[in-house]
Amino acid sequence: MSLDAATTGPKAEQDKAGAKPTGNGGPYSAQSRLGGHAPRTERTGRALPFDDPRHLQAHHWMVEEAYILDAQNYSDWLDLLTEDIHYIMPVRVTTALTAGYDSAPHMAHFDENKYSLSRRVARFLTEHAWTEDPPSRLRHHISNVRTFATPNPEELIVDTAVLLYRSRGDVREASVISAGREDLLRKVGDGWQLARRTILVDDSVLRTQNLAIFL
């Protein structure tokens, strides 16, 4: 069934409220105002074995990306993204067990396409990026990597846990952001590029100075 198909009843109400995590990031893009262009690819079957060449390639990609983000080489990072990327980090909310959702409807800390991400990066390179001058010291810890096949042999779904340690200056306490990510990797030429990223943070209130970083 297409995610774009109109639905009614309880499921439609849940879609309006903000879907509860299902293991597929596509619904978050479907609800987003900027996600209409985003691929709707979803995982199929169980996670690939850890010795599967596709998993090894995806794991290597994630580690290399983490080092690029640590070094804040954001221009290089943009080269890892497809032109139709959707990058979204929904706002998490605390709800009752039976609510059926745990993200705020149509609200996100990040809701970006390739153009808006490039504008963020361009600002970091100017004298107006006062939130990152002096720059933060970053460390992205990537773990719990799982890779899934998709109906498209040129695309993979990758789950990761990410822990971002961030310190800035000499006075403020360091901050930590814990999150789960669901990524869609697409084969482009001899390598892979990021076509969709859904970030589900583990806090409803972020305990960091700002979000002048990428997860």
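Quick notes on this one:
- Criterion (within 19 Å of residue 47 (Cα to Cα) and either within 13 Å of the chain's Cα centre (by Cα) or of a type in the set (D, E, K, R) (or both)) met by exactly one of 172, 196: 196
- Residue within segment 170-193 that is charged (D, E, K, R), part of a strand (DSSP E or B), modelled with pLDDT under 95 and surrounded by fewer than 20 Cβ atoms within 10 Å (Cβ to Cβ) present: no
- Segment 127-148, subset surrounded by fewer than 18 Cβ atoms within 10 Å (Cβ to Cβ) and among the small types (Gly, Ala, Ser), residue nearest to residue 195 (Cα to Cα): 143
- Within segment 59-73, being closer than 15 Å to residue 197 by Cβ and either under 15 Å from the mean Cα position of the chain (by Cα) or of a type in the set (Phe, Trp, Tyr) (or both) holds for 61, 62, 65, 66, 69.
- Being assigned to a helix (DSSP H, G or I), modelled with pLDDT of 95 or more and buried (at least 18 other Cβ atoms within 10 Å of the Cβ) is a property that does not hold for residue 156.
- Residue check, residue 76 charged (D, E, K, R), surrounded by fewer than 19 Cβ atoms within 10 Å (Cβ to Cβ), at pLDDT 70 or above and not in a helix (DSSP H, G or I): no
The values are calculated or read from the model by the stated rules, or taken from the named source; none is laboratory data. Please read all numbers here as calculations on a predicted model, not as lab measurements. No Cβ is skipped: glycine too gets one built from the backbone with ideal geometry, and neighbour counts run over all protein chains shown.
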